[in-house]
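Working notes, structure below.
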Amino acid sequence: MSKLTPVLSAHWDEKDSFTIEAYTRHGGYSAAKKALAMEPDAVIQLVKDSGLRGRGGAGFPTGMKWGFIPQGDNKDHYLVVNADESEPGTCKDMPLLMANPHVLVEGCIIACHAIRAKHAFIYIRGEVTHVVRRLNQAIEDAYKAGHLGNGVDVVLHVGAGAYICGEETALLDSLEGFRGQPRLRPPFPAIAGLYARPTVVNNVESISAVPAIINNGAEWYQSMGTEKSKGATLYSLSGHVNNPGQFEAPLGITLREILELAGGIRTGHTLKFWTPGGSSTPIFTQDHLDTPLDYEGVAAAGSMLGTKALQIFDETTCVVRAVLRWTEFYKHESCGKCTPCREGTWWLVQILRDLEAGKGTEADLAKLLDLCDNIMGRSFCALGDGATSPITSSIKYFRDEYIAHMTQGGCPFDPVASTLFVGAGV
Amino acid sequence: MTTSAIVDMITVVIDGFEVSVPKGTLVIRAAEQLGIQIPRFCDHPLLDPVGACRQCLVDIEINGRAFPKPQASCTIPVEPGMIVKTQLTSAVADKAQKGVMELLLINHPLDCPVCDKGGECPLQNQAMSTGRTETRFEGVKRTFEKPINISSQVLLDRERCVLCARCTRFSDQIASDPFITLNERGALQQVGIYEKQPFKSYFSGNAVQICPVGALTGASYRFRARPFDLVSTPSACEHCASGCDMRTDVRRGKTLRRLAGDDASVNEEWNCDKGRWAFKYVTAVDRLTHPLVRNGAGVLVQASWPEALAAAAKGLKENTSAVLVGGRATYEDAYGYSKFARVGLGTNDVDFRSRLSSDEECEFLAAYVVRTSTTYRDIDRADQVLLVGFEPEEESPIVFLRLNKQFRKRALKVTAIASKLSIGVEKLKGDFVKVAPGQEAAAVAKQTLNAKSIILVGERACESAGLLTAVAALADSTGAKIAWIPRRAGERGALEAGAIGNLLPGGRPVADAAARVDIAAVWGVPSLPTTIGRSSDEIFAAVNAGTVGALLVGGVDPLDGLHSDDALRALDKAFVVALEIAPSEVTMRADVVLPVAAITEKSGSFLNWEGRARSFDAAVHDSLNRSDLRILSMIAQEMGTSLNLGTVTAAAKEITSLGAWDGERATMTSVSPAQAPSVSGDQFILTSWRRLLDLGTLQQGEENLAGTARQTVAVISPGRAKSMGVVDGELLKISTSHGSVTLAALVEDIHDDAIWAPRNSRGSQLLVNLGIGHGDVVTVVKI
Amino acid sequence: MAYSSEDLATMDSIIKRYPRSRSAIMPLLHFVQSRVGYVNGEGIELIAKLLTLETAEVSAVATFYTQYKRKPVGEYHVGVCTNTLCAVMGGDAIFAGLKAHLGVENDGVTEDGKVSLEHIECNAACDYAPVVMANWEFYDNQTVESAKDLVDSMRSGNPKPPTRGPNTLVTWKEASEVLAGINDGKAHEGVQAGAPSLLGLRISKEGK
């Protein structure tokens, strides 16, 4: 039997997989029908029992999050779906929405029923025109089919280029028409979220997982995964591998297993470092090939499962260059609200540029680490923390490479060697 | 805090010391109770916590459970079982704070030697306490063009800014003027305006004051002084009846700036830009320095004090005299005028209302206002507020801020009875009860209020016959409280001091014999005049009719009344003794001119609209100018009577010794509303009010301030605009038999019969130009 | 440019999507870009008026998000991902190649107004690296040469179609209209998924 468990991706290989016809053909919207016949609390309990945890990176139990919504408060409740997929390396939600947007729509209907919301908003990043088309059409078709508009409305909200809006409170501010900067918590969204009303914010993949859980039951979902990380999820393999792509597998699979399935590291090369869950998760090396890729396993090894964005870099890659580029990203995407992140990323980039150019010293390396210490855990939200992860973890594993830049007065790597078209006569 | 309020107290331990504070107190302020100063920038007690600067990080544990990382003490309320370790006892908190300070400084220009804030700068101070001695930053600093004007009176230096967002939060949360915002993102985030809309907020100076660095500076103070060269004196604002606590900073006898003072029960820590930036009038004008006496040739010439006092006394004694005191006198000075009229001149002909007024108002003030107190706290508790003849943002801006605070906090319901929807009422999302000018009384009668409601009545209510009667009836029938809010700072004090024809000091009716006996006893005179005194208008008329021969005038602008031609004629005709700080329409017509001290040169008090005393000391200590009170005493002396009010202290003591009047309160005669004039064709009914920033005499010489005044426009309704074929910006000529003004049209929410224009703005001085202010018919044509 | 009454009706319908009008600020900014090509003063002032906001509140939002442009971009706005993974795998070379080929710097527009160039952050297509976006449509697995061919096709007025997108590349303004939430009827065009998206599914079907 395959190690992979395609559920969300089960029908992506059908040409019309994104249409309502194809979705219905495979039993689409039957889960919604089933859930709507259940008591909302029973739906919440089922999702709790399934062990489903947030797939946006933090891994918070989804059913528990739903259970936080106060009931009988005579207030509007909202469901907000976080489709602002922007973490470097993360590329699971966009293909999902491109190939099967209806599963999200159906998940929204079920989740709204569970939390007694009449209104769901899907906040999608703005730089994906065709995904927006597919999702917009799916919503339109769901209205036409009567799945929406009879108690639940779904509004698609398109972002405009701001990584920070993936942070749930920044997303809410953005959705309310403000600058996307994180909000003070408490109050948490469950108490005062969108328009200061009780709100659940869930990742695309989390909500999309719900219809199958309703149809197949909590036990079925629980049967996959590890003790505390239940179910299956999308692992996104990218970088210096022979075959990058999406792998839907039970939580706890290892990179070694995925690489075996995918045909391994780029032929003729060796694994140097990788991210388990996007650029904000501390990097791993080949020593972590057998780390179980579930929430606990990755955490125990000193990183985070994050979005299961497995970015693979082989030995041709300069780690200093890679880290500098990520740091430039964090500087670009820092919202500017808090001092450590805004000013810290400004400074980090300057030090790293010097280091990459061979103009740094060991004292700079110490300063860099101290600066990371002054940013980590001092910023308003996790963006600042994330900015330090690649730096501190790369110095931990590849300190010698930083030193080599100093001793050689520049980068010892040939950037062409790491491109995919090396030797193709660029 | 009232004793009746039960407050849950929570005990926490900070740096090993226990402290009990009310539930909800933020950790940073609980620490202050112990004298532990946690550094901060974005934190401000009157703004919502934001936790942006991260300077105030401390270690916290609750019931043995420690937060994994340091927390911003400005965002976390105390909880039972909380143990806080600040930079004093936690190495982690100390390093966190030092780290943040270092980061705040990497892009700071360190131009302290040329920065206005130097010497009083929270960044500078806290960099000393929490910063490194030498920088570790060797990179490239962020640079911006500096400084840029974000209004004619506020400059922004983005390099100095630490992005604490105090200014933008103030503008949004407190003033509801979100004209400055954070723009761009990340390291390029910066405060800014939209390019075509400058920071024209009436409250912009507060943003400058609360800026914890030198990023926002006032054009008027820029490069003028060093904080350590200034002598600061607590003062009270003389510009309006809000009663702001202020601080006046003086260098070598000259006021260089004024700041909002901190009085939680009145202005909290705010004031308006007029109060902050209009003070040059004291020095901008040619001050009167010596007494002047009109000689035989009819020319005003310099005279000695004895000469001038003798001339004044002689003229006042030889004639039937009356007293006109403007609404800007201090309580003590007004008391002096009130007593001088009765004791020195034997008349009740004294009136502080050098503006549009009515007999109905006189009676209303005696029956419903004098010796009553409605307060800011009452606004905090009110279930709803009705505005009658009153535009808070324009006419008493701190009242507006308080209404806005309650609106934002608990959606306080505000209803405005007016002909035009004002910007302020719009910001309060108030119910706008639209009436034709003059028809306000009927609308008041229809309001449903209760004992928890408040009616805020402006001085303009007297301009609509029967309106104050309707207000009184509404209050009587519902139990709602009335607050009368005049525009000028001295009016409430003058009312309490009896500087009005129907009242003696302390609200004692002139008509009440017992009241007269009361006051006569304190004043040591056998009796007091019994005839009810006349209003300013009536006094001018009496002069013109020949029944009054002399006027004692202090701080009056004759152009502020409805019949300024009559006023000027009377001033020409009568023997006039003028007490003034600078040459004016009155002094040029006076027979004796006596220079008096400006507000900064004397001590005293104002009673704000609440009736609350706002006392102040002289900010300029070496002035030779004397207060009105002192000069009145000298004139009385010269006339052979005695006021016994040689000093402000003496006056204040005497006022206190009068005690409370426990007799009957005066009652009010009902006045019927006037019939609505019918308008047709090109006719409109005029309505107007004064804007906060306009051509007021106390704003003279303040060009930067004037640059933020609202545009002068004539407002008409969409319906009338359509029928006249007028669009925004086209010119309208408004005419009466008296004259005309031509203004740019603005089509807005206003009664179809009405046209609105500012009463005293550039290009629109309606009392002078049209001879009317409210409720009269004008002809309007499109040009 | 004045907005037609049809445009104003569209903007009104955008506002009506939301329980509170201010939420419409972002789609309205996209809509302004669909009409003007970028966010100009007139657009900011119109949105402020429609939503009863101060202009500063609108410009504060407009300047926060990088997709809102302050000056005109090309008819085809090309973004080259130079975040770490794409950069390492060829994005840097592609970006350098396109700059030289087009003769523009980052944020530059070709003189004919056809193509503008920007280096962009991760666009959620890492399994298709190196990635180039044009009017925010996916051009997967690019090389320096393929990217040059792409911009050449744009300049000649016959742009190559996206890898995963509609049959023909729409213009910047047309794409902006889609981002404003307006359906252009092209959702059914193009593939449902590229090969990498299907890799795991294919392998599982192979029983591996």
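Going residue by residue through the range A:309-319, is there one that turns out to be of a type in the set (Asp, Glu) and part of a strand (DSSP E or B)? Yes, the conditions are met somewhere in the range A:309-319.
Tell me, please, whether a residue that is part of a helix (DSSP H, G or I), farther than 23 Å from A:ALA322 by Cα and touching a residue at least 60 places away in the same chain (Cβ under 8 Å) can be found in the range C:127-139.
As a first pass, look at the range C:127-139 and keep what is part of a helix (DSSP H, G or I): C:127-128.
Among the residues that remain, those that are also farther than 23 Å from A:ALA322 by Cα are: none.
The answer is no; no qualifying residue exists.
Within the range B:319-326, at least one residue is at pLDDT below 95 and either under 26 Å from B:ALA651 (Cα atoms) or touching an Asp or Glu at 6+ places or on another chain (Cβ under 9 Å) (or both).
Among the residues of the range C:164-189, those that are surrounded by fewer than 21 Cβ atoms within 10 Å (Cβ to Cβ), at the interface with chain A (Cβ under 10 Å from one of its Cβ atoms) and free of Cβ contacts under 8 Å to residues at least 60 places away in the same chain comprise C:ASN183, C:ASP184, C:GLY185, C:LYS186, C:HIS188, C:GLU189. Evaluating C:LYS148 against the criteria (1) of a type in the set (Lys, Arg); (2) assigned to a loop (DSSP other than H, G, I, E, B); (3) within 19 Å of the chain's Cα centre (by Cα) leaves one unmet condition, (2). Report yes if some residue within the range A:263-271 is within 10 Å of chain C (Cβ to nearest Cβ), of a type in the set (Gly, Ala, Ser), out of contact with any Pro (no Cβ under 7 Å at 6 or more places or on another chain) and under 19 Å from C:ALA129 (Cα atoms); otherwise report no. Within the range A:263-271, one or more residues are within 10 Å of chain C (Cβ to nearest Cβ), of a type in the set (Gly, Ala, Ser), out of contact with any Pro (no Cβ under 7 Å at 6 or more places or on another chain) and under 19 Å from C:ALA129 (Cα atoms). Here B:GLN700 passes the criteria (1) more than 27 Å from the chain's Cα centre (by Cα); (2) more than 17 Å from B:LYS420 (Cβ to Cβ); (3) surrounded by fewer than 18 Cβ atoms within 10 Å (Cβ to Cβ) except the one numbered (1). Residues in the range A:235-248 that are farther than 13 Å from A:PRO276 by Cβ, more than 7 Å from every other protein chain (Cβ to nearest Cβ) and assigned to a strand (DSSP E or B): A:VAL241 alone. For the range C:86-95, the condition holds for no residue, the condition being that it is among the small types (Gly, Ala, Ser), surrounded by 24 or more Cβ atoms within 10 Å (Cβ to Cβ), under 21 Å from C:GLY165 (Cβ atoms) and under 16 Å from the mean Cα position of the chain (by Cα). Listed here are the helices (runs of 4 or more DSSP H) enclosed by the range B:602-713 that have at least 2 residues being charged (D, E, K, R) and at pLDDT 95 or above: B:628-639, B:648-658.
Taking each residue of the range B:397-425 that is within 19 Å of B:ALA441 (Cα to Cα) and looking for partners that are of a type in the set (Phe, Trp, Tyr) and not in a helix (DSSP H, G or I) with beta-carbon atoms closer than 6 Å, six or more apart or interchain, yields B:ALA416/B:PHE432; B:LYS420/B:TRP756; B:LEU421/B:PHE432.
Taking the range A:65-100, which residues are among the polar types (S, T, N, Q), away from every other protein chain (no Cβ under 14 Å) and either in contact (Cβ under 8 Å) with a residue 40 or more places away in the chain or under 18 Å from A:SER208 (Cβ atoms) (or both)? First the steps, then the outcome.
At the first step, the residues of the range A:65-100 found to be among the polar types (S, T, N, Q) are A:71, A:74, A:82, A:86, A:90, A:100.
The next check asks that each one be away from every other protein chain (no Cβ under 14 Å); those that pass are A:71, A:74.
Across the range A:65-100, the qualifying residue is only A:GLN71.
Tallying residues that are within 12 Å of another protein chain (Cβ to nearest Cβ) and crowded, with 20+ Cβ neighbours inside 10 Å within the range B:40-57 yields 11.
Selection of helices (runs of 4 or more DSSP H) fully inside the range A:48-147 by the criterion of at least 1 residues being surrounded by fewer than 24 Cβ atoms within 10 Å (Cβ to Cβ) returns A:62-67, A:101-115, A:129-144.
Which condition does A:PRO40 not pass, out of (1) surrounded by 15 or more Cβ atoms within 10 Å (Cβ to Cβ); (2) at positive phi, if it passes all the others? All conditions pass for A:PRO40, except number (2). Among residues of the range C:32-58 being buried (at least 17 other Cβ atoms within 10 Å of the Cβ) and in contact with a Ser or Thr (Cβ under 7 Å, 6 or more places away or on another chain), the one that is nearest to C:PRO72 (Cα to Cα) is C:GLN33. Among the residues of this structure, B:LYS196 counts as one that is surrounded by fewer than 21 Cβ atoms within 10 Å (Cβ to Cβ), basic (Lys, Arg) and not assigned by the TED database to the domain that holds B:ILE423. Listed conditions (1) more than 20 Å from A:MET64 (Cα to Cα); (2) part of a helix (DSSP H, G or I); (3) free of Cβ contacts under 8 Å to residues at least 60 places away in the same chain are all met by A:ALA160, apart from (2).
Identify all residues within the range C:133-145 that are over 11 Å from the mean Cα position of the chain (by Cα) and either more than 7 Å from chain A (Cβ to nearest Cβ) or basic (Lys, Arg) (or both); write none if there are none. Give the steps one after another, and end with the answer.
The initial filter retains those residues of the range C:133-145 that are over 11 Å from the mean Cα position of the chain (by Cα), namely C:139-145.
Of everything in the range C:133-145, those that are over 11 Å from the mean Cα position of the chain (by Cα) and either more than 7 Å from chain A (Cβ to nearest Cβ) or basic (Lys, Arg) (or both) turn out to be C:TYR139, C:ASP140, C:ASN141, C:GLN142, C:GLU145.
Total residues in the range C:120-149 satisfying the condition of being of a type in the set (A, V, I, L, M) and closer than 17 Å to C:GLU75 by Cα: the figure is 4. Out of A:GLY180, A:GLY193, report the one residue that is buried (at least 24 other Cβ atoms within 10 Å of the Cβ), at the interface with another protein chain (Cβ under 10 Å from one of its Cβ atoms) and under 23 Å from the mean Cα position of the chain (by Cα). Exactly one residue qualifies, and that residue is A:GLY180. Pairing each residue of the range A:30-46 that is in a helix (DSSP H, G or I) with any residue that is aromatic (Phe, Trp, Tyr), provided the two are 6+ apart or on different chains, yields C-beta distances under 7 Å for A:ILE44/A:TRP66. Against the numbered list (1) surrounded by fewer than 22 Cβ atoms within 10 Å (Cβ to Cβ); (2) assigned to a strand (DSSP E or B); (3) among the hydrophobic types (A, V, I, L, M, F, W, C), C:VAL78 comes up short only at (1).
Checked against the criteria, B:LYS429 counts as more than 25 Å from B:SER678 (Cα to Cα), of a type outside the set (A, V, I, L, M) and surrounded by fewer than 20 Cβ atoms within 10 Å (Cβ to Cβ). Could we say that A:ARG256 is among the basic types (Lys, Arg), out of contact with any Phe, Trp or Tyr (no Cβ under 6 Å at 6 or more places or on another chain) and surrounded by 19 or more Cβ atoms within 10 Å (Cβ to Cβ) here? It is false that A:ARG256 is among the basic types (Lys, Arg), out of contact with any Phe, Trp or Tyr (no Cβ under 6 Å at 6 or more places or on another chain) and surrounded by 19 or more Cβ atoms within 10 Å (Cβ to Cβ). The condition of being in contact with a strand residue (DSSP E or B) (Cβ under 8 Å, 6 or more places away or on another chain), touching a residue at least 40 places away in the same chain (Cβ under 8 Å) and not assigned by the TED database to the domain that holds A:CYS372 holds for A:ALA249.
Checking B:VAL414, B:VAL425, B:VAL444 one by one, the residue that is of a type outside the set (Gly, Ala, Ser) and more than 23 Å from the chain's Cα centre (by Cα) is B:VAL444 and no other. The set of residues in the range B:552-569 that are modelled with pLDDT of 95 or more, within 21 Å of B:ASP628 (Cβ to Cβ) and in contact with a helix residue (DSSP H, G or I) (Cβ under 7 Å, 6 or more places away or on another chain) comprises B:LEU552, B:GLY554, B:ALA567.
The values are calculated or read from the model by the stated rules, or taken from the named source; none is laboratory data. Not measured: the values here are computed from a predicted model. Every residue, glycine among them, receives a Cβ derived from its backbone with ideal geometry; neighbour counts consider all protein chains shown.
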